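Just below is one structure, and these are the notes that go with it.
Quick note: the coordinates plus some simple rules give every number you see, no bench work behind them. Remember, predicted model here, so these are calculated numbers, not experimental data. Neighbour counts run over all protein chains shown; Cβ positions are idealised from the backbone, glycine included.
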Amino acid sequence: MSQARTIRFSIFRFDPQDPNDKPKMVNYEVTEAPGMTVFIALNMLREQQDPSLQFDFVCRAGICGSCAMVINGKPTLACRTLTANYPKGDIILMPLPGFELIGDLSVNTGKFMRELAERLQLWLQPNNFESDIHRIETPMDPDEAAKLYELDRCVECGVCVSACATKQMRETFVGAVGMMKIARFELDSRDTRTADDFYHVIGNQDGVFGCVTLLGCQDACPKDLPHMQQIAYLRRKMAIASPNRIL
Amino acid sequence: MQIIYTDTLVVGAGLAGLRVAIASKERGLDTLVLSLIQAKRSHSAAAQGGMQASLGNTIKGMGDDEDVHFEDTVKGSDWGCDQAVARMFAHCAPKAVRELANWGVPWTRITKGERQVIVNAQKVTINEAEEAHGLINARDFGGTKKWRTCYTADGTGHSLLYAVDNKAISLGIPVHERMEALKIIHDGKRCQGVIARCLITGEVRAYIAKSTTIATGGYGRIYEVSTNAIICDGIGQALALETGVATLGNMEAVQFHPTAIVPVGILTTEGCRGDGGLLRDKDGYRFMPDYEPEKKELASRDVVSRRMTEHMRKGKGVDSPYGPHLWLDITLLGRKHIETNLREVKEICENFLGIDPTKDWIPVRPTQHYSMGGIRTTPTGESPQLSGLFSVGEAACWDMHGFNRLGGNSLAETVVGGMIIGKYVADFGEKNNLVIDTDLINRFGGELIDEINGLVDGEGTENTFELKLAMQKIMMDYVGIFRNGDELQQAVDELSQLLKRSRNIGLRCKKRHANPELVEALRLRRMLKVALTVACGANARTESRGAHSREDFPQRNDKDWLNRTLSTWPDADALAPVLSYEALDVMQMELPPGYRGYGVNNAIAHPDTEKRQQQIDAILANLGIDADRYAKQAAIMPFTLPDELMPLNQRLSDTLNCAVVSATMVGDK
């Protein structure tokens, strides 16, 4: 094994609750260990150097989406980012833009996602109210189920929102996360809503017609979700559903 | 101190907590959930493999029913479970799966006709029935007689949690995020709510409720290497313990999962082995058939974990800088299968190991995974000591897992337990009034504020992070897969010393709001108490049962130890819990203790076992040969459930006699 190298971190620090605090970048150094991730490094920093450092991790395994942050300019999940990916050993960490800052690298994606879910009604609205849980379930096409799962894999990490130029300019834009979820329910044969219903929610500048197709969402999504395809699909659907029949 | 009032308070926003909250809200009760994080981040999301429910749709699940699921669960528990609870659970699991489909879970469905699967390293062709097309599929899991584990690829927990949280949002149930409950308000008889601290502002608040449900998950993070999320710290159990009256059950029952990746301890699902993956040693040799010729890789988790450890002790492990490991080989499943049904596993391998599991073997070793122990409850989910205090899911000792949990039964417990206990919580909310004792609220709130002041302003010298690591190492080294008296005594002694030292913690960060060091310090003191219940319970239990394996007492001793360990902490200043025991009554059991099917049958029999078996035989003889299985079951061990959950479960096998399955396909819109 080659000699361990030093990783130099430059980390955004700001406590918005402290009226005297100002945003700044602070430098730290850690000795790299084999298999070290940004999760491991940040915990070492907090335990050994600065116990006030704020950041969020939950599953530390790329499953929950809590640790999204901007690493050397790219929004991504910190838990599964290996320090070995950076040959020069310089890592700059910034909080995700587009969300309320809690402190340092911690942002309130929860508040954003809950408001989005309430605004877009991101839950199944089934037609099958008479479903009897004691009897055999209603069959579903196996391919449809597989397709639904593909779109259901979003972890609400917020990376797509941070990587979106429209969202940075338009506060009320629903972002790729909102559209992906709409697409998921649009596809679901159990959901009663039609393209007309969805038109009222995303057939505008805050939805599909606000997207300028820079596709930062698609490039940065840590779950490799097909945002480009879904946005294009929804845009076409909404154009057809629009009162003016654009298509 | 702000006081917030509600009817139903739920602490923890994972599947179990949310399911209880939904049941309460649907009955019109004012319901509020506290969570450390946003609900969809809960550890429930990490469950990959699936949930057990005896739907019996797939050809490999034909003949499955509640009886088989019940028997597997009781054997899996090594007869340590509450059999009435296991019955309630097995009966409601199919209902929960079907309900979740109605809430949007995209369960993997059956495609009619032939398909190839891997069984015991051989390619086998199975032929799914025409009538099963589009019904919910199931995969094989360890310790189950039938293919019973329903799934959505290997993201089952994720899709369940999202569907259930979406349901909770649709009902308008508020989740107060980044709130940490740190004390239960009680008068020794009745629970009145909790004192919680906001992790952003540092504000201390009282939440007063008719009922309080603890659904905070397990305590895996008292161990150094765990598959658990880093929030699974056992604070829920500690809250109950610190009341001094509520009991914890079977805290020493800690499960190790056979296949976590080395070194970071991230889980690869049991679905890998269920779908046909093999375990290999440093020579590439498949060793499990030598130890467990019948079940091989699909023996119970505790058994596989021990066999792997035994094999590594023989020098058959692969050397690595992190100690020895073994290989999990899923290459034989093929790229297509891995990229669809095991894609999370593939992602984990790529991101954390830099390997491609369609070509490379995965380095694995047994790692702390699940807490069978927890807050002791009655079958209705309530603490026997504190009225109005409920617990559900991994936080609880309800107790359907006994000393070993079967894969696929934990995800099932969250939603099934939540479904059942949620109704009892709602009943409680309808029958009881709020108890508001402002002196008591102020006393408990004051205690927490004093504790925080002591940490921030005090002159302590101990370092929180160092003490925490020391605790985690002790648990890993001395309270692991194989246990013995000397090491356990050492663990108890050293943990007691750490608890003492934790009273002298000093903080470097002096903020009262968002202060990660303060959060750790408040947790550590509580985690140490939980760790002590595990170590003391393990030290006292001089037998081997399920996941609790004593090298110095290898026999399962039903004669002396067919009981549940109860821990309390009546003296806040004490350095160890008080242990007591509640007996499991063989004369009430539907399935008296017997051979579990692994290794030598070395159990020391309970004197009532034979008597009970004769009694059961007589009951069955009296019923006559025409009695159906429901009548037999009811005669041997009746169980109760809320009325809405009592109807029988319909299965495909009930309808296959009919020429046509009545349900029609729902096509694309």
query = By how many degrees, between 0 and 90 and to the nearest 10, does the Cα long axis of helix B:15-26 differ from the longest principal axis of chain B?
reply = 80 degrees
ask   = Using θ = phi - 60° and the Karplus form 6.51 cos²θ - 1.76 cosθ + 1.60, what ³J(HN,Hα) does each residue of the range A:111-122 get, whole Hz, x for Gly and Pro?
value = 4, 4, 5, 5, 5, 5, 4, 5, 5, 9, 6, 8
ask   = By how many nm would the segment from A:Asn85 to A:His134 lengthen if fully extended, with 0.36 nm per residue of separation less the alpha-carbon distance?
value = 12.4 nm
task = Would you mind counting up the charge near B:Glu203? Only other residues with Cβ under 14 Å from its Cβ, with Lys and Arg at +1 and Asp and Glu at -1.
result = +3
task = Among DSSP beta bridges whose residues both lie in chain B, state the antiparallel percentage, nearest 5.
result = 65 percent
ask   = Does chain B classify as rounded, prolate or oblate by the C-alpha gyration tensor (a ≥ b ≥ c root eigenvalues; a/c under 1.5 gives rounded; else a/b over b/c gives prolate, otherwise oblate)?
value = rounded
note = Residue by residue through the range B:400-408, the couplings from Karplus 6.51 cos²θ - 1.76 cosθ + 1.60 with θ = phi - 60°, in Hz, x for Gly and Pro, are 9, 9, x, 9, 7, 9, 7, x, x
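Within a Cβ distance under 12 Å of B:Ala618, other residues only, what is the Lys/Arg minus Asp/Glu net charge?
Values: positive: B:Lys611, B:Arg612; negative: B:Asp617.
Spelling it out: positives minus negatives among the neighbours equals +1.
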Nearest-20 debye value, the range B:268-308 charge dipole, Cβ charges on Lys, Arg, Asp, Glu = 80 debye
task = Specify which residue in the list A:Gly203, B:Leu326, B:Val105 is farthest towards the positive end of the charge dipole of the protein assembly as shown, using unit charges on the beta carbon of Lys, Arg (+1) and Asp, Glu (-1), about the Cα centre.
result = A:Gly203
request  = Compare the Cα positions of B:Thr149, B:Ser496, B:Asn622 along the charge dipole of chain B (+1 at Cβ of Lys, Arg; -1 at Cβ of Asp, Glu; about the Cα centre) and return the one farthest towards the positive end.
outcome  = B:Thr149
note = Counting only residues 5 or more apart in sequence or on a different chain, those whose built amide H sits under 5 Å from that of B:Arg376 are B:Thr247, B:Leu248, B:Gly249, B:Cys397
task = Using R₀ = 56 Å, calculate the FRET efficiency as 1/(1 + (r/R₀)^6) where r is the Cβ-Cβ separation of A:Met169 and B:Tyr285; round to 0.05.
result = 0.40
request  = Return the average number of partner chain Cβ atoms within 10 angstrom of each residue Cβ along peptide B:458-465.
outcome  = 1
task = Taking the Cα centre of the protein assembly as shown as origin, work out the dipole magnitude from +1 charges on Lys and Arg Cβ and -1 charges on Asp and Glu Cβ, in debye rounded to 20.
result = 1560 debye
request  = Determine which residues of the range A:182-210 fall in the zone a paramagnetic label at A:Ser242 would reach in this model, i.e. backbone nitrogen under 20 Å from the point 7 Å along Cα→Cβ.
outcome  = A:182-183, A:194-210
note = Checked the range B:536-669 with the C-alpha gyration tensor, a ≥ b ≥ c its square-rooted eigenvalues, rounded below a/c of 1.5, otherwise prolate if a/b is larger than b/c and oblate if not; verdict prolate
inquiry  = Given Cβ point charges of +1 (Lys, Arg) and -1 (Asp, Glu) and nothing else, what value in debye, to the nearest 20, does the dipole of the range B:47-102 about its Cα centre take?
reply    = 200 debye
Per DSSP, loop GluC sites (Glu not before Pro) in the range A:151-207 with at most 10 further Cβ within 10 Å = A:Glu171
key: the range B:426-460: GluC sites (Glu not before Pro) falling in loop per DSSP and having at most 12 other Cβ within 10 Å   = B:Glu459
key: Those trypsin sites (Lys or Arg not before Pro) in the range A:59-120 that DSSP places in a loop and that have at most 13 other beta carbons within 10 Å   = A:Lys88
key: Between the range B:462-489 and the range A:218-247, the alpha-carbon center distance in angstrom   = 53 Å
task = Would you work out which of B:His401, B:Gly172, B:Leu528 lies farthest towards the positive end of the dipole of chain B, given +1 charges on the beta-carbon of Lys and Arg and -1 on that of Asp and Glu, about the Cα centre?
result = B:Gly172
ask   = So what are the ³J(HN,Hα) numbers for the range B:450-465, from phi and the Karplus equation (6.51, -1.76, 1.60; θ = phi - 60°), rounded to whole Hz, Gly and Pro as x?
value = 4, 4, 5, 4, x, 6, 6, 9, x, 9, x, 10, 7, 9, 3, 5
request  = Rounded to the nearest Å, what's the spacing between the alpha carbon centres of the range A:105-122 and the range A:1-36? Just the number, please.
outcome  = 28 Å
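As an exercise, use a Förster radius of 25 Å and the Cβ-Cβ distance of B:Leu623 and B:Leu648 to find the FRET efficiency, rounded to the nearest 0.05.
My answer for the efficiency is 0.90.
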key: Three-way shape label, the protein assembly as shown, alpha-carbon gyration tensor, a/c 1.5   = rounded
